[in-house]
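The values are calculated or read from the model by the stated rules, or taken from the named source; none is laboratory data. Note that the coordinates shown come from a computational prediction; the quantities given were computed from them, not determined experimentally. Here Cβ is always computed from backbone atoms with ideal geometry, including for glycine, and neighbour counts include all displayed protein chains. Side chains are part of the model used for accessible areas, which takes the heavy atoms of the whole protein and leaves out ligands, DNA and RNA. Shrake-Rupley method; radii C 1.70, N 1.55, O 1.52, S 1.80 Å.
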Amino acid sequence: TEIYTLSLHDALPIFLGDSHQELFEYNTAALHFKRCLTRMEQPVAETSLRLCGGLLRELLLQLRLRLGRGGAETQDPRVRRAAHIYQRLAESSFFDIRPLHLLYEIMASVNLAERSGATREIVDGFGAIAVVAVAAGLRRASHYYNRRSMEVTRAASPIDAAYGYLVDMVYWATLGGWARLESSRVSGEALYRQLGGTVRWQQTQSITYTAL
């Protein structure tokens, strides 16, 4: 079995990117994330043409994954890290209202996450696809991806499961599904209290109040 490692040289831009992202310094974070993607030989689409081409490629790959033809899984940590980076870039694109970037980055993240078993990114990616599908009027696809997100959530470690319930709350807030939102709030809040995650616990409260 081939063993992969991620050097400090490759990992440092990810740590810097995450740090700036938590401070809402999205442009600076993106510079670090894109530098890391380049080092890992992952595509960094910038132009509209490349974004459209990349999105089409990722949509086709997602279809193959759903049909069980997505290729072999990998233990390469670079793939898992790339899934995390695209997920972070998608956050930035959401707040900066860049829909084409957002769609491409969501799909790239979830496809890489499925290949590498990155639970948090799978949960987040499926949840994001579900919300996008709601906006596009694709209710059946929306419910399918929400259901898949929750299946992964229920089988996940406590920290990933807690985040999964948070993602589920956003989904049901979008649809006005108050009973389901409350159910996930209770589950997520209990896990975050158990983990000592005060900020995330407060986030479950803020999502509820914002939705109401």
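Between A135 and R154, what length in nm is gained on full extension when 0.36 nm per residue of separation is reduced by their alpha carbon distance?
Result for the pair: 4.3 nm of gain on full extension.
With the helix formula -39500 (n - 2.57) applied to DSSP H stretches of n ≥ 4, the chain reaches a computed 222 nm mean residue ellipticity of -26500 deg cm²/dmol.
Placing pseudo-labels 7 Å out from each Cα toward the beta carbon at A11 and S48 gives an inter-label distance of 4.1 nm.
Relative to the Cα centre, what is the charge dipole magnitude of region 101-155, using +1 at the beta carbon of each Lys and Arg, -1 at the beta carbon of each Asp and Glu, and rounding to the nearest 20 debye?
My answer is approximately 260 debye.
The modelled label-to-label distance for the pair R64/T28, using points 7 Å beyond Cα in the direction of Cβ, is 4.0 nm. Rounded if a/c is under 1.5, else prolate if a/b beats b/c, else oblate: with a ≥ b ≥ c from the C-alpha gyration tensor eigenvalues square-rooted, which is region 49-170? It comes out rounded by the Cα gyration axes. For the pair R39 and Q194, label points projected 7 Å from Cα toward Cβ lie 3.6 nm apart. Per residue, the chain exposes 54 Å² of solvent-accessible protein surface, assessed with a 1.4 angstrom probe and all protein chains in place. Both radii come from the Cα set of region 134-179: Rg as radius of gyration, Rh as Kirkwood radius; their ratio Rg/Rh reads 1.00.
In terms of packing, defined here as the mean over residues of other Cβ atoms within 10 angstrom, the peptides 56-67, 114-125 line up highest first as 114-125, 56-67.
With contacts taken as Cα pairs under 8 Å and at least 6 residues apart, the chain reaches a relative contact order of 13 percent.
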